[in-house]
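K.L.:
Sharing a structure below in structure tokens format, with a few things to ask.
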Amino acid sequence: MTLIKSNGYNVTIEDNSLDSLSNFLEIKKYTSYFILSDQNIIKLCLPHLLIACPKLITAQIIKIKPGEKSKSLKFSTLIWQTLIDKNADKNTLLINFGGGVISDLGGFAAATFKRGIDFINIPTTLLAMADASLGGKTGINFNEFKNIIGTINQPKGVFINTKFLKTLSLRQLKNGLAEIYKIALVNSHPFWNELSSFSEKTSYIKLITKSIQIKNKIILKDPFDKGIRKSLNFGHTIGHAIESEFLNSEAPMLHGEAVLIGLLIESKISYQKQLISKPMLLEIYSVITSHFKLRSISEIPISSIINRIKNDKKASKNILLFSLINGIGSFKLDVIVSETQIQKAITYHNNLIK
């Protein structure tokens, strides 16, 4: 077991056990438990959770549909109404059991119900284990804009059991790897070098632990996203805009898939800003395209992507601000980027990825 101390709570990483969660529930005397999860996780993972933690057998289950569309005001209302109907009080614990959508949505609902009740995250996807469940960012989408409504509210614990990774498809595993590559690109050149030679034999528990250790150092210094934590937005300004464009399509793009494209396009912008060299840009493209199959975004009007970026929460008075890389393993914050530079970077990407 690995224990990482974060902002007022612990992140525990276990290979095939939930002992730390059982101990937590024994120490904390909550009046009731609610488990927020989706239909797939309830079927594949909930039996294991209940066997490992008998105290949760009487927990109320709040079931939502899987996917990004559930991260909405509609499903926030469903959670609040269920908590009211089942007499949840200030000493209720909400257990977010699933991927990044669950931790974002559940954290937001917990932060706002009765002005805040305790919640914990039990991530079941690689993306949630390595990134989304840590740091206290919660939120929902609104009118097709990603994470535009939300809070920063810390969980009381994050309990990672890598056994749940066995339930994931290859697509979902690669979805999670995207955020790990981002963390390395922004903060650790040695870690990037490790990922450059990633193979199916690479230990996921090692990648998760390294990713959390790096991210945790950042959020401890900047829990409210006012300074260096903004470095973790690299790839997300473009990525969120692309993800939003596909949100209501017949084939929605996963968060990590959109972020990978964002990493590449924003690397090109970093090159345009003379923050990275041409060989470094080509290395980033080579590594990512050799490990991931990227979808084309040429069908999306560049003007639509730019319009979404203007509504990004990082924009300020129509000034488009980006967190970019300043070499691999380093970053530069609040870089002003023009619409022309974005257009050129997307065009460059579209010509390479067809």
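K.L.:
Is the range 249-307 rounded, prolate or oblate when judged by the Cα gyration tensor, a ≥ b ≥ c being the square roots of its eigenvalues, rounded requiring a/c under 1.5 and prolate requiring a/b larger than b/c? Before the final figure, lay out each step's value.
P.N.:
Details: a/c = 2.73, a/b = 1.42, b/c = 1.93.
The shape class here is oblate.
K.L.:
With a cut-off of at most 14 other beta carbons within 10 Å, and DSSP calling the residue loop, which GluC sites (Glu not before Pro) in the range 223-259 qualify? Please list them.
P.N.:
Filter output for the range 223-259: E250.
K.L.:
If you count, for each residue, the other Cβ atoms within 10 Å and average over each peptide, how do 86-99, 319-332, 164-177 line up from highest to lowest?
P.N.:
Highest to lowest by the protection proxy: 86-99, 319-332, 164-177.
K.L.:
Pick out, in residue order, every one of the trypsin sites (Lys or Arg not before Pro) in the range 1-79 that is DSSP loop and has at most 12 other C-beta atoms within 10 Å; say none if there are none.
P.N.:
Answer by residue number: K29.
K.L.:
So which residue, out of S211, S72, S203, gets the largest mean-square fluctuation from a GNM of the chain using Cα contacts under 10 Å as springs?
P.N.:
For the chain, modelled as a Gaussian network with Cα springs under 10 Å, the answer is S203.
K.L.:
Follow-up question, since we're still on this one. Two decimals, Cα atoms only, Kirkwood Rh: what is Rg/Rh over the range 240-354?
P.N.:
That ratio equals 0.94.
K.L.:
Continuing with this model, one more query. To the nearest Å, what is the center-to-center distance of the range 127-194 and the range 226-275, using C-alpha atoms only?
P.N.:
14 Å
K.L.:
Here is a follow-up. Looking at the range 59-165 only, what percent of DSSP beta bridges run antiparallel? Nearest 5 please.
P.N.:
Rounded to the nearest five, the antiparallel share is 40 percent.
K.L.:
Under the Kirkwood approximation applied to all pairs of distinct alpha-carbon atoms, what is the hydrodynamic radius of the range 179-222 in Å?
P.N.:
10.7 Å
K.L.:
Okay, next question. Does the range 148-306 come out rounded, prolate or oblate, given a ≥ b ≥ c as the square roots of the eigenvalues of its C-alpha gyration tensor, rounded meaning a/c under 1.5 and, failing that, prolate meaning a/b above b/c?
P.N.:
Cα axes put the range 148-306 in the rounded bin.
K.L.:
Rounded if a/c is under 1.5, else prolate if a/b beats b/c, else oblate: with a ≥ b ≥ c from the C-alpha gyration tensor eigenvalues square-rooted, which is the range 1-133?
P.N.:
Values: a/c = 1.40, a/b = 1.20, b/c = 1.16.
Since a/c stays below 1.5, the shape of the range 1-133 is classed as rounded.
K.L.:
Report the charge-dipole magnitude of the range 1-159 in Debye, nearest 20, computed about the Cα centre from +1 at each Lys and Arg Cβ and -1 at each Asp and Glu Cβ.
P.N.:
Working: 17 positive and 12 negative charges, 93 e Å.
The calculation lands at about 440 debye.
K.L.:
Next question. From the helices alone, meaning DSSP H stretches of at least four residues, give me the mean residue ellipticity at 222 nm for the chain, per-run term -39500 (n - 2.57), in deg cm²/dmol to the nearest 500. Please report the intermediate quantities before stating the final value.
P.N.:
On the way: 13 runs with 158 residues, N = 354.
Value at 222 nm, helices only: -14000 deg cm²/dmol.
K.L.:
How big is the charge dipole of the chain about its Cα centre, in debye rounded to the nearest 20, if each Lys and Arg gets +1 on its Cβ and each Asp and Glu gets -1 on its Cβ? Before the final figure, lay out the partial values.
P.N.:
Working: 44 positive and 27 negative charges, 87 e Å.
The calculated dipole for the chain is roughly 420 debye.
K.L.:
Sticking with this one: Just want to confirm a number: the relative contact order over the chain, from Cα pairs under 8 angstrom separated by 6+ residues, in percent.
P.N.:
Values: 617 pairs, mean separation 52.7, N = 354.
Relative contact order of the chain: 15 percent.
K.L.:
Percent antiparallel among DSSP beta bridges with both residues in the chain, to the nearest 5? It would help to have the intermediate numbers written out before the result.
P.N.:
Values: 14 of 35 bridges.
Percentage antiparallel, nearest 5: 40.
K.L.:
For the pairs K210/K310; K43/K163; K65/K226; K63/K137; K65/K314, note any where the Cα-Cα span goes beyond 26 Å. Before the final figure, lay out the partial values.
P.N.:
Numbers: K210/K310 34 Å; K43/K163 15 Å; K65/K226 33 Å; K63/K137 22 Å; K65/K314 29 Å.
Flagged as over cut-off: K210/K310; K65/K226; K65/K314.
Every number in this text was worked out from the coordinates using simple rules, so none of it is lab data. No experiment lies behind these values; they were computed from the predicted model shown. As a convention, Cβ positions derive from the backbone with ideal geometry for all residues, glycine included, and neighbour counts pool all protein chains shown.
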